[in-house]
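Participant: Below is the structure I would like to discuss, written out as structure tokens.
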Amino acid sequence: MMARAHPVFALRPFLAADTPLLAEILHASIEELTADDYTEAQRQAWAAAADDEDELAKRLSGQLTLIATMNGAPMAFASLVNDQTIDMLYVHPAIAGQGAGTMLADALEKLATARGAKRLTADVSDTALDFFTKRGFEPQQRNTVRRGGEWLSNTTMEKKLVKEAAA
Ligand SMILES: CC(C)(COP(=O)(O)OP(=O)(O)OC[C@H]1O[C@@H](n2cnc3c(N)ncnc32)[C@H](O)[C@@H]1OP(=O)(O)O)[C@@H](O)C(=O)NCCC(=O)NCCS
């Protein structure tokens, strides 16, 4: 029997009760996965987006938010705004590099395409640039955004979506 290369993730929609766990995933993801690209102060300012859980719950429930679970436990999440922009994409460091980010991005791309979007955009962290480039996204512009007292750089990227012909 062949060994499975990646763990099995399942996708499900966001529920408000997930918020505290997703805040933890966001914190751990930024803290551990982005340290090569952002300073400690920048990472703390970025992760503060999850400090107010009511605000985070409101943001995620106002978007199309999907959660990747492993054995029922949330391990990663991603959200789509206006059917055409990926707002959040965070993978827990314990399972980084094992396909959860790809699974979430694939699902959001399919949903955006099915809803008629012609292109998908995202303001992509320096850490995620290679991930999005591999998926066919192209850089449009560099941005510098203020989070708390810190300035952080990201890149607006865009991918043209092609509706698959009906079988
Ligand atoms: C970027 C991120 C979402 C990728 O999720 P992931 O589950 O680790 O990615 P996957 O396992 O699906 O990887 C898919 C491919 O991208 C590559 N990849 C993923 N992260 C990468 C990185 N930081 N640098 C280079 N390549 C990367 C993988 O090697 C893999 O390539 P392959 O298909 O050739 O094997 C995750 O690293 C993350 O949460 N980062 C911190 C938060 C962040 O920056 N979020 C993005 C906000 S826009």
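Participant: Going by the conditions given, is Thr65 in contact with a Pro (Cβ under 8 Å, 6 or more places away or on another chain) and not acidic (Asp, Glu)?
Facilitator: yes
Participant: If you don't mind, another one. How about segment 107-126: which of its residues are within 11 Å of the ligand (Cβ to nearest atom) and either out of contact with any Ser or Thr (no Cβ under 7 Å at 6 or more places or on another chain) or of a type outside the set (Ser, Thr, Tyr) (or both)?
Facilitator: The answer is Ala122, Asp123, Val124, Asp126.
Participant: Another question, if that's okay. Could you check segment 24-46 and list, in sequence order, the residues that are among the aliphatic types (A, V, I, L, M) and either in contact with a strand residue (DSSP E or B) (Cβ under 8 Å, 6 or more places away or on another chain) or surrounded by 19 or more Cβ atoms within 10 Å (Cβ to Cβ) (or both)?
Facilitator: Selection gives Ile25, Leu26, Ile30, Leu33, Ala41, Ala45.
Participant: In this structure, does Thr102 turn out to be in a helix (DSSP H, G or I), of a type outside the set (Gly, Ala, Ser) and under 25 Å from Asn143 (Cα atoms)?
Facilitator: Yes; evaluated as a whole, the condition is true for this residue.
Participant: Next question. Does segment 88-106 contain any residue that is away from the ligand (no atom under 14 Å from the Cβ) and without any contact (Cβ under 8 Å) to a residue 12 or more places away in the chain?
Facilitator: No, the conditions are met nowhere in segment 88-106.
Participant: Residues to consider are Ala41, Ala50; find the one that is touching a residue at least 60 places away in the same chain (Cβ under 8 Å), more than 17 Å from Phe132 (Cβ to Cβ) and hydrophobic (A, V, I, L, M, F, W, C).
Facilitator: The conditions single out Ala41.
Participant: Return the total of residues in segment 47-66 being buried (at least 17 other Cβ atoms within 10 Å of the Cβ) and over 14 Å from Arg147 (Cα atoms).
Facilitator: Of the residues in that region, 8 qualify.
No value in this document is a laboratory result; all are computed from the given coordinates. Worth saying up front: this structure is predicted, and the values here are computed from it rather than measured. Glycine also receives a Cβ, built like all others from the backbone with ideal geometry; neighbour counts cover every protein chain displayed.
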